[in-house]
Amino acid sequence: MSLQMSREELLHTYKTMRTIREFEERVHTEFATGEIPGFAHLYAGEEASAVGVCLHLDEKDSIASTHRGHGHCIAKGCDPKAMMAEIYGRKTGLCGGKGGSMHIADVAKGMLGANGIVGGGAPLACGAALTAKTLKTGGVAVAFGGDGASNQGTTAESMNLAKVWNLPLIFVLEDNGYAEATASAWSVSGTPVKRAAGYDMPGVQVDGHDVFAVAEAAREAVERARSGGGPSLIHVVFSRYYGHFEGDAMTYREKDEVENLRRTRDCLNLFRERVGEAKLLDAGELDAIDAEIKTLIDEAVAEAKAADMPDPLRDLETDVYVRY
Amino acid sequence: MAEIQPVVMPKFGLSMTEGAVLDWHKAEGETVAPGEELMDVETTKITNAYESPVGGTLRRQVAREGETLPVGALVAVLADPSVPESEIDAFITDFQANFVPPEAGGEGEEDAPRAQKAETPQGAINYLEAGGGSGPPVVLVHGFGGDLNNWMFLQPLLAENRRTIALDLPGHGASAKQTGSGDVASLAAAVAGLLDALSIESAHLVGHSLGGAVTLHLASTAPQRVETLTLIAPAGLGSEVDADYIDGFLKASRRKEMKPVLQRLFADPSLIRREMVEEVLKFKRLDGVDEALTAIAEACFPQGRQGLSYREALAGLSCPVQVIWGEADIIVPVSHAEGLPEAVTVTRLPGTGHMAQMEKASEVARLIEGLMGRA
Amino acid sequence: MSKKSFRQAINEAMHQEMERDPNVILMGEDVAGGMGAPGEEDAWGGVLGVTKGLVGTYGRERVLDTPITESAFVGAAAGSAITGLRPIVELMFVDFMGVCFDQIFNQAAKFRYMFGGKAKTPLVVRTMYGAGFRAASQHSQSLYPVFTHIPGLKVAIPSSPYEAKGLLISAIRDDDPVIFFENKMMYDDEGEVPDEAYTIPFGEANLTREGKDVTIVAFGRMVNLANQAADALAKEGISCTVVDPRTTSPLDLDTILECVEDTGRLVVVDEASPRCNMATDIAAQVAQDAFAHLKAPVRMVAPPHTPVPFSPSLEDAYLPTAAKIQEAVRMTMNAAQREVA
């Protein structure tokens, strides 16, 4: 597998994955204190997918995300502090506290929203790709979705439509092994790559713990999309470290399943090993990034907790319409 | 005079198909002179006092107050007191038996005059022609925000005796929305452009409000084209103008905003009906109208004042000129009728607002006929 | 100004807006006439010919046929709207919202609020509604109350060719998602329509009749029936105000209340099923805000609570008619006079 990334790209990749990990681990801890309202679905363990794909995107490109969307947000450039405030439901949140964990979005950055509906994002990504194609912006769109979403009619419809309209679009199917508590090995019939082939769409399966593998597959798919070659599918296989939602005791999983994964297949550890072996970055540099990110997330949590809640009198009824 | 004379539901303007007799001004048995107000007629656009076209004793109110009847339906019967009741009854029975109500939008509408467009160097000008005859026609020029329908009561009266042409100024009605500079001279050029397009050498001009300034401009720059000039509450004779009206008209996009603005035009604000407001809004909703009206308002009424005076020009005119003004006009004050050249006849109409040609159509028609008789 | 059909008015609105704004695109089943088919180009222009001629003028990059996959293309329209286009999407029959409703009510309707005001969704969903076409239960419903219920959506229901053109242009220029309801029985109705582009503001009711005895509020095609009823009642000496709200969201409740205050009696005519429809909503709001002005109970004229039937004898009995409206008005006139404080 190619390691052809510039030094800047390597540093960016590690730093972004670490930011997501630190962010999610911290949400996990803070959630347990009861201070975070509502649901949170954590991306820890899956960082290589969001970062490996978004490495090839810029602000003219759009992504549609999922209920497990914090990682996609950070990888697409959303501000982690504003995200944390949003998760705490604060006025300073990225969406003013009106969206929460499941609806974090930053349209200006091409992040079209985490999504509370499984399979909800693929049609939207088709639309973003259509905009890029119609306005000839040179942009592409990415539809992130899980193994659960892969079975939704919206995904099937969108794959067909993307091919029929020849859209600059990449379907990234993040197969973390479980749709809620049900195993993808049971719920997904056939294989996603063959499904893509059924639509005459290039498809590839990659190891989702290996950011270089994801990045390589994404590079090819994004280039195809940008050059008018139409949609592709990337089937990313990996696992998540936490439950479907925070509070999920994960009794449907094997007892030491996550522990083994953390020890042997962790995307950050694998990255450190690979760049160490190839003598591309030294451990001290990476340790410094870890420390920097820890401080950032500490600040994010402290600032979020200190921030004001939205004002019921002023904020409840605004932002429904542009004009009504 | 043993003759029995019917009074029928009048047709105000092109689109009226029916009207309601709101209330009677004369009781049965009272004498009615021609031109005397007989009843109030309410249409969906406006309520108007209807002046009896004939004289005699009102023998029968055929229409009940509040009753809606088609245009042409019998509303009253006038006759000498000597005519027996039985003859009146027989007359009504006979009239009703033979009356065929006009079908709305049906075949009968074919002969009705229709607005049409003429191409001029200032763009397409929409106009409505009615009446005929060989003499110079009457050309009717509306004011700011108006259109050819402002003459809906007056034009049919004038058209009985001669050719009449009511036009939409640029930016107004169905005429082109590009206004050029939008000043009085450019509007006058459009009127001249229409005369050229219709091969009319000279005409009797009637200008209302801003249309008054437009016709004054034309009369002073091309006097050979003007037989007589009638100015109704004209702009151009003073500096005041009701800025609330101009601003309100420009800004209003909803019924509730527009209705009070239009009500300023009439001495009796209750005359304004739903459909008149809706028609003005229909015009204002068209793309380009806001820009056109804004351009005209800025050019003609800068800072809410009248930009140009035609008092001097008026003094230099050789054609017969008259000024007609409602005493209750709050748009352009009637005081502007003071101190005009002696040759100019001034008629002040009591209880009348800015829209004398609608509020007092018969009287205005008689005044115009009178002036044209002097030409 | 010239006589145009409801269909022509809608077609002209799309033509003029596509001409004016290159970001306006159109998509839907067969709207470009049937892509890939071997016969003539632009054969259909949508199932009832409303989009005919657009693909020839604006090309296949802006007029897009879709597979029969409503979730994907309605969602794509929403996604294109938040990223810079102004899509008009034709959802052939509103009954098909069942296969794409998530994209409308969970996605498009909510972006702006969920994203803290940092998204615009200038999306128009044009869709056919209404019974009378012998189209049976899955192609005849009047589902506008369902969409009216959703905050974030606007809902327009034109009652004439003039209204259709002006409201559609307003919808296309609007920065919020609009569901635009076209009654399939009205496509050949004719009326005077200006040739120029024009807009009709949302949330401003139109009074198509003005009277003093009874207020009739009606929507879409029902406005025409209400007008017929009002004209017939005028001959009996009952004068009615007819209110066409034009949009159910936003709803011009002020005008309805003012008319009820003037007349003291209210009849609401709604083609939608009778539970939780616009009639029940307006009756409730009038009861809350104008109770003291009511001289008689509010009456609702709506179909029975059944699916739309197929057989002509049943469907004709199902629909509100001018006669049913007249009967309801007479009932409000004859109701025992209540002492008004």
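The values are calculated or read from the model by the stated rules, or taken from the named source; none is laboratory data. Note that this is a predicted model, so its numbers are computed, not measured. Backbone-built Cβ (ideal geometry, glycine too); neighbour counts: all protein chains shown. To get the accessible areas, we keep the full protein, side chains included, count just its heavy atoms, and leave off ligands, DNA and RNA. Shrake-Rupley method; radii C 1.70, N 1.55, O 1.52, S 1.80 Å.
Some points to look at:
- Any pair with Cβ under 9 angstrom, 6 or more apart, that starts in segment B:270-281 at a residue that is at the interface with chain C (Cβ under 9 Å from one of its Cβ atoms) and under 16 Å from residue C:200 (Cβ atoms) and ends at one that is modelled with pLDDT under 85 and open to solvent by 30 Å² or more (accessible area, probe 1.4 Å): B:274/B:44; B:275/B:15; B:275/B:44; B:278/B:44
- Filter pass, residue C:36 being outside any helix (DSSP H, G or I), of a type outside the set (D, E, K, R), open to solvent by 10 Å² or more (accessible area, probe 1.4 Å) and over 17 Å from residue C:181 (Cα atoms): yes
- Taking the conditions (1) modelled with pLDDT of 95 or more; (2) crowded, with 17+ Cβ neighbours inside 10 Å in turn, residue A:318 satisfies each one other than (2).
- In segment C:168-194, residue least open to solvent (accessible area, probe 1.4 Å) [restricted to those that are in a helix (DSSP H, G or I) and out of contact with any Phe, Trp or Tyr (no Cβ under 7 Å at 6 or more places or on another chain)]: C:172
- The set of residues in segment A:165-192 being under 15 Å from residue A:221 (Cβ atoms), within 13 Å of chain C (Cβ to nearest Cβ) and either of a type in the set (Val, Ile, Thr) or open to solvent by less than 40 Å² (accessible area, probe 1.4 Å) (or both) consists of A:167, A:168, A:169, A:171.
- Residue in segment B:287-298 that is open to solvent by less than 30 Å² (accessible area, probe 1.4 Å), more than 30 Å from residue C:16 (Cα to Cα) and more than 14 Å from chain C (Cβ to nearest Cβ) present: no
- If the condition is being part of a helix (DSSP H, G or I) and in contact (Cβ under 8 Å) with a residue 60 or more places away in the chain, then segment A:150-189 contributes A:159, A:162, A:163.
- All positions within segment A:150-164 that are of a type in the set (S, T, N, Q) and facing another protein chain (nearest Cβ under 8 Å): A:154, A:158, A:160
- Remark: pairs (first residue in segment C:175-201, within 14 Å of chain A (Cβ to nearest Cβ) and over 18 Å from residue C:1 (Cα atoms); second residue hydroxyl-bearing (Ser, Thr, Tyr) and assigned to a loop (DSSP other than H, G, I, E, B); Cβ separation under 8 Å; 6+ apart in sequence or on different chains) = C:175/C:121; C:176/A:321; C:176/A:324; C:176/C:121; C:177/C:121; C:201/B:253.
- Qualifying residue in segment B:151-159 (condition: touching a Ser or Thr at 6+ places or on another chain (Cβ under 7 Å) and closer than 21 Å to residue B:318 by Cβ): no
- Residue that is nearest to residue B:223 (Cα to Cα), among those in segment B:156-211 that are open to solvent by 10 Å² or more (accessible area, probe 1.4 Å) and of a type in the set (S, T, N, Q): B:202
- Residues within segment B:61-106 that are touching a residue at least 40 places away in the same chain (Cβ under 8 Å) and of a type in the set (Ser, Thr, Tyr), tallied: 2
- The requirement of being open to solvent by less than 10 Å² (accessible area, probe 1.4 Å), part of a loop (DSSP other than H, G, I, E, B), closer than 30 Å to residue C:177 by Cα and not small (Gly, Ala, Ser) is satisfied by residue C:308.
- Residue list for segment C:76-109, restricted to those being facing chain A (nearest Cβ under 8 Å) and charged (D, E, K, R): C:102
- Leading residue by the ranking (farthest from the other protein chains (Cβ to nearest Cβ)) among those in segment C:144-158 that are open to solvent by 10 Å² or more (accessible area, probe 1.4 Å) and in a loop (DSSP other than H, G, I, E, B): C:149
- For beta carbons closer than 7 Å, sequence separation of 6+ or different chains, a first residue in segment A:1-29 that is open to solvent by 60 Å² or more (accessible area, probe 1.4 Å) and a second that is at pLDDT 95 or above and small (Gly, Ala, Ser), the qualifying pairs are A:1/A:213.
- Of all residues in segment A:86-124, those satisfying the criterion of being within 22 Å of residue A:18 (Cα to Cα), within 11 Å of another protein chain (Cβ to nearest Cβ), hydrophobic (A, V, I, L, M, F, W, C) and open to solvent by less than 10 Å² (accessible area, probe 1.4 Å) are A:104, A:105, A:111, A:114.
- Residue C:96 meets the conditions (1) touching a Phe, Trp or Tyr at 6+ places or on another chain (Cβ under 9 Å); (2) free of Cβ contacts under 8 Å to residues at least 60 places away in the same chain in every case but one. The failed one is (1).
- Of the strands (runs of 3 or more DSSP E) that lie entirely inside segment C:235-304, those containing 3 or more residues that are buried (at least 22 other Cβ atoms within 10 Å of the Cβ) and either of a type in the set (Val, Ile, Thr) or away from every other protein chain (no Cβ under 14 Å) (or both) span C:240-244, C:266-269.
- Unique match (being at negative phi, open to solvent by 40 Å² or more (accessible area, probe 1.4 Å) and within 22 Å of the chain's Cα centre (by Cα)) among B:260, B:234, B:223: B:260
- Of all residues in segment C:41-60, at least one satisfies being open to solvent by less than 20 Å² (accessible area, probe 1.4 Å), more than 14 Å from chain A (Cβ to nearest Cβ) and not in a loop (DSSP other than H, G, I, E, B).
- Within segment B:110-148, being part of a helix (DSSP H, G or I) and crowded, with 24+ Cβ neighbours inside 10 Å holds for one residue alone: B:148.
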